[in-house]
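Below is one structure, written out as structure tokens, with a few remarks after it.
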Amino acid sequence: MSPLTPAQRSNFWPLTARGYAWWRAHSLTLLSGQPFGLAREARLFLGACAPTAGERWLDVGTSTGFYAGVLARRGCRVVAADLSPAMLREAARREPHPGIEWVQANVEASGWPAGSFDGVTIGATLNETACPACLLSEAERLLRPGGRLWLMFVHRTGGPAQGLLARLGGLTFPDLAEVEAALPGCELRHALRAGLVQFAAFEKAGPPH
């Protein structure tokens with residue numbers, strides 16, 4: 001399990017948790033350079049991954065619960081995990097759905113049985129962890145055969161701004177090729193890049209059960 005980055009530790013602050021929903025609602029528009037609200041993001045995710053009622057999904061780094069809420073409204077059972085109690089409290093307030101279980105956990109070392117979930121979502125948490133490959137490996141382990149993995153992250157540009165964010169906040173900026181290499185048991189099914197934002201949907205090899 002990799003050490004927490006400054007970006008991850010900042011999520012423990014109640015002020016960060018209270019303000020994060022605003023950032024989440026506007027960030028993709030700012031990062032992509034085009035109108036990209038939460039409704040559009042939800043449609044993209046639902047179209048690529050097709051979650052269905054009764055499935056069990058894990059939302060990694062749920063922050064204020066966006067993907068957890070989208071899944072729960074589809075009738076899925078959701079484990080919404082985050083390191084930060086402040087984020088979990090804010091998420092539970094914003095998404096008070098009985099289908100969501102809010103769990104404080106570091107998913108890099110979850111301890112949950114292999115194949116526990118029909119699907120896993122990971123938003124910008126992939127940029128905040130010091131070891132994206134560690135998080136992706138655990139996500140792959142937790143997926144059942146035929147399960148889906150959805151990723152949203154800021155991809156690498158190599159520019160000075162990302163270098164500064166890496167030094168000050170411990171942020172990492174993978175590219176899609178690195179992500180694919182960290183998921184040897186999964187196949188890329190859908191990919192879309194919008195400005196700085198990369199979306200990708202994978203499916204774990206093997207027949208569904």
* Kindly indicate which of ALA25, ALA109, ALA53, ALA81 is under 21 Å from THR5 (Cβ atoms) and open to solvent by 30 Å² or more (accessible area, probe 1.4 Å). => ALA109
* Would you please list the contacts, defined by Cβ atoms under 6 Å and residues six or more apart or on different chains, that run from a residue in segment 59-73 that is on the phi > 0 side of the Ramachandran plot and assigned to a loop (DSSP other than H, G, I, E, B) to a residue that is acidic (Asp, Glu) and surrounded by fewer than 24 Cβ atoms within 10 Å (Cβ to Cβ)? => GLY65/GLU95
* Matching residues in segment 28-50 - criterion: being open to solvent by 20 Å² or more (accessible area, probe 1.4 Å) and either under 30 Å from ARG77 (Cβ atoms) or in contact with a Leu (Cβ under 7 Å, 6 or more places away or on another chain) (or both) -> LEU31, GLY37, LEU38, ALA39, ARG40, ARG43, LEU44, LEU46, GLY47, ALA48, ALA50
* Structure fact -> Of the candidates ALA114, ALA42, ALA105, the one satisfying the condition of being free of Cβ contacts under 8 Å to residues at least 40 places away in the same chain, of a type outside the set (D, E, K, R) and closer than 25 Å to VAL197 by Cβ is ALA42
* Of the residues GLY123, GLY111, GLY99, GLY159, which is modelled with pLDDT under 95 and more than 27 Å from GLU187 (Cα to Cα)? -> GLY159
* Just one of (1) modelled with pLDDT under 95; (2) not in a loop (DSSP other than H, G, I, E, B) trips up TRP22, so point out which. => (1)
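The values are calculated or read from the model by the stated rules, or taken from the named source; none is laboratory data. Just so we're clear, the structure is a prediction, and the values are computed from it rather than from any experiment. Quick reminder, even Gly has a Cβ in these numbers, built from the backbone with ideal geometry, and neighbours come from all protein chains shown. All accessible areas refer to the heavy atoms of the entire protein, side chains included, with ligands and DNA or RNA removed. Shrake-Rupley method; radii C 1.70, N 1.55, O 1.52, S 1.80 Å.
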